[in-house]
Amino acid sequence: MRDLPDFSSDNHAGAHPAVLDALAAANAGSTHAYGDDPWTTRATRLICDLLGCDRPVYFVYGGTGANVLGLQAMTRPHHGIICPETAHIAVDECGAPERFTGCKLLTVPTPDGKLTVEMLDGFQQREQSQHWTLPHVVSISQQTECGTIYTPAEVRALADAAHDVGWLLHMDGARLANAAVSLDCSPLTFTTDAGVDVVSVGGTKNGMVFGEAVVFCRADLADEFPNVRKQGMQLASKMRFIAAQFEALLTQGLWQENARKANAMAQRLYESIQADPGLQFKWPFQGNALFPILSPESLRSLQDQFVFETWIPEESVARWMTSWATTEAEVDGFVEAIRRAL
Ligand SMILES: Cc1ncc(COP(=O)(O)O)c(C=O)c1O
């Protein structure tokens, strides 16, 4: 571990103290396993309230598991899943979606990580053939891997376009909280109310140790999901420890506070440097990630002093990401170094 200020990923941050307290509190005594416990009941209720009541909610260990199993519940192996070519499911899940769903991912180039209705046209107008996979699910990330965010109207348009031809809409909400805070609206607005069918709700990047949830806005898709989750190795026996962490985030708005902090630190960074004529950004800044285009020399010099990712090496694009734990002092120190490096 390098003891340098870290702008690499919200996954690099530790867990929020309130989450750790909730874990310690949940450790007292014994309770039933596999989700038959009061923490799971309460956390399920809280997620239902967040995304529109009485939706089936299933806790899982990680984000890849949430995406893969949610997609599995929506598809059969001869189906195709349309997603941006930058999607986490396409780039960073080691082929797990293809392996476990059996589906082909139909990746689409996008200028900014976001699908549009027009991008679905080609798939919708394509003749069907017994030789080809049948597109069946559209998968989007909110916020996207490019740091951009869909408006509720954009999600609604995609949902309508998908549903018009009998497809479904999946949302990878690993950074759902950052999107909600940036849009200044409830996640309900761009999930259930916008026609999304299944959502992966992120916990880890929002201050948990681990744990995500699969939420079925369209309840009938959850039939048999308990068995899908078990076969997919994502059924936690000591489920209370995932649920207790969600409860800590969702009670009294800690999820918003954490996402607000992460976004505010990214905003502080962006506002301090965006006017510099030597700096350009690959994608618009909207949530908690910036993608600056730097000279190779600036990139190297900054990486000697700070931890962050080179995102597109051939274009010298970096990723600067903030988290609930990023401090103003860290941002201000980074800004000074960036100014020197430019
Ligand atoms: C957009 C997105 N989806 C999902 C995930 C979750 O992945 P993991 O399986 O590492 O929890 C991540 C993690 O970086 C992500 O960035």
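The values are calculated or read from the model by the stated rules, or taken from the named source; none is laboratory data. Given the structure is predicted, the values throughout are model-derived calculations rather than measurements. With ideal geometry, Cβ positions are generated from the backbone for all residues, glycine too; neighbour counts draw on all protein chains shown. Surface areas here come from the heavy atoms of the whole protein model, side chains and all, with no ligands, DNA or RNA. Shrake-Rupley method; radii C 1.70, N 1.55, O 1.52, S 1.80 Å.
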The correct ranking of 16, 163, 170, 32 by accessible area at 1.4 Å, largest first, is 32, 163, 16, 170
Estimated Rh, the stretch 17-252: Kirkwood, alpha-carbon pairs, angstrom
17.8
Might you tell me the accessible area per residue for the chain, computed with a 1.4 Å probe and given in Å²?
44
Using only alpha carbon pairs under 8 Å that are at least six residues apart, calculate the relative contact order of the chain and give it in whole percent.
25
Could you derive backbone 3J(HN,Hα) for the stretch 262-272 from the dihedral phi with the Karplus parameters 6.51, -1.76 and 1.60 (θ = phi - 60°), listing whole Hz in sequence and x where the residue is Gly or Pro?
4, 5, 5, 5, 5, 4, 4, 5, 4, 5, 6
Around residue 64, what is the net charge, scoring Lys/Arg as +1 and Asp/Glu as -1 over all other residues with Cβ under 12 Å from its Cβ?
-3
Order 145-151, 123-129 from most to least packed using the mean count of other Cβ atoms within 10 Å.
145-151, 123-129
Just order 40-52, 218-230 by mean Cβ neighbour count inside 10 Å, highest at the front, would you?
40-52, 218-230
Among the listed pairs 230/261; 114/205; 205/238; 261/282; 114/238, which have their C-alpha atoms separated by more than 27 angstrom in this model?
230/261; 114/238
Counting only protein chains, not ligands or nucleic acids, how are 136, 88 ordered by accessible area (probe 1.4 Å), most first?
88, 136
Under a 1.4 angstrom probe, counting protein chains only, how are 257, 98, 118 ranked by accessible area, largest first?
118, 257, 98
